[in-house]
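Enquirer: Provided herewith is a single structure, encoded as C-alpha cells, for subsequent inquiry.
The values are calculated or read from the model by the stated rules, or taken from the named source; none is laboratory data. Just so it is clear, the structure is predicted and the values come from calculations on it, not from any experiment. Cβ coordinates were reconstructed from backbone atoms using ideal geometry, including for glycine residues, and neighbour counts include every protein chain displayed. Remember, those area values only see protein heavy atoms, side chains included, never the ligands or the DNA or RNA. Shrake-Rupley method; radii C 1.70, N 1.55, O 1.52, S 1.80 Å.
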Amino acid sequence: MSKPSSALHTVSDRSARKNVLLLDRRNLRDDAYDEHAALVDGLFAYPAVISPKYFYDDIGCTLFEAICSLPEYYPTRTERAILTTHRDAIVEAIGTGGQFVDLGAGDCAKAALLLPALHPAEVWKESGRWDVMGDNMFRLKDRAGRDLCLGMTHEEVMTTIARGELRSYKQLPQIWYQIQTKFRDEQRPKSGLLRVRQFIMKD
C-alpha cells in the first residue's frame, strides 16, 4: 500500500478523522475521549499504529484469541497437538534420567536467544503491560532510581531486539525462541506451574 501523496487525499484523511472524533465525542467521557482520539490518530497514521495495551482488556483478549485461531497462526496449535497426541511416546522415549534436547536450531531454521532476566521498565511501558501486570510483577529500582523488573515473560525484550535487527520483509520469515527462567510474584505460591514464583519456560 503506497503512502498518499496528494494534498487532496491528505485533506480528506484529516476531515474523516475529524468527523470520527466529533461523531463519537457525544457519548464519551473526557478521559475516554482522549484514548479514543489517540486510537483514531494511530489508525490514520502512516503506517497505522495501535498501542499493544488495547489488546489487554476483555475485548482485546477476545480479539487475540480470534487471531490465534486463524489458519496463518498455527505454531501454538501445532505444538499443543504434538504434545497432546504423542506425550506418552515422548516420555517413554526419553526414559528415566534422559535429557530432552531441542533439535530445532540444528538446521539453522531457528535462532536461540539468551535474554536478560532484568528488564528496563521502558519496554514494558511501551507495550502497555507495565500497569496491566499489577502486583504479579517483581519490581525494583537501581541506584539511579530507574524502574526495573524481573521478566515475567520475554515478548517485550524480543520485540525490542527484532526492531533493531529486522530492516526489510526480505529478512523474513525468521523463527526465534528462548528457554529461560521467568519470575512472577504469585499471591499464594504453591505446587503446580500456575502458582510458582520462578519457573523455566520456552517461548
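Enquirer: Give me the pairs: first residue in region 178-203 and within 19 Å of R139 (Cβ to Cβ) and open to solvent by 70 Å² or more (accessible area, probe 1.4 Å), second residue assigned to a strand (DSSP E or B) and at pLDDT 80 or above, beta-carbon distance under 7 Å, and six or more apart or on different chains, which are they?
Expert: R197/F183; Q198/T181; Q198/F183
Enquirer: Taking interchain pairs and intrachain pairs at least six residues apart, which have beta carbon atoms under 6 angstrom, with the first residue in region 134-156 and within 18 Å of L115 (Cα to Cα) and open to solvent by 70 Å² or more (accessible area, probe 1.4 Å) and the second in a loop (DSSP other than H, G, I, E, B) and hydrophobic (A, V, I, L, M, F, W, C)?
Expert: Between residues of region 134-156 that are within 18 Å of L115 (Cα to Cα) and open to solvent by 70 Å² or more (accessible area, probe 1.4 Å) and residues that are in a loop (DSSP other than H, G, I, E, B) and hydrophobic (A, V, I, L, M, F, W, C), there is no close pair.
Enquirer: Follow-up. Sort out which residues of region 178-196 are at pLDDT below 80 and on the phi < 0 side of the Ramachandran plot, and write them in order of number.
Expert: The answer is E186, Q187, R188, P189, K190, S191, L193, L194, R195, V196.
Enquirer: Okay, next question. Given the options P116, P173, name the one that is more than 23 Å from I200 (Cβ to Cβ), open to solvent by 60 Å² or more (accessible area, probe 1.4 Å) and not basic (K, R).
Expert: Criteria check complete, one pass: P173.
Enquirer: Hey, another quick one. So, in region 160-177, of the ones that are closer than 11 Å to L115 by Cβ and among the hydroxyl-bearing types (S, T, Y), which residue ends up farthest from the chain's Cα centre (by Cα)?
Expert: The residue in question is Y177.
Enquirer: Considering each of V91, V40 in turn, give the residue that is modelled with pLDDT of 75 or more and touching a helix residue (DSSP H, G or I) at 6+ places or on another chain (Cβ under 6 Å).
Expert: From the options V91, V40, the qualifying one is V40.
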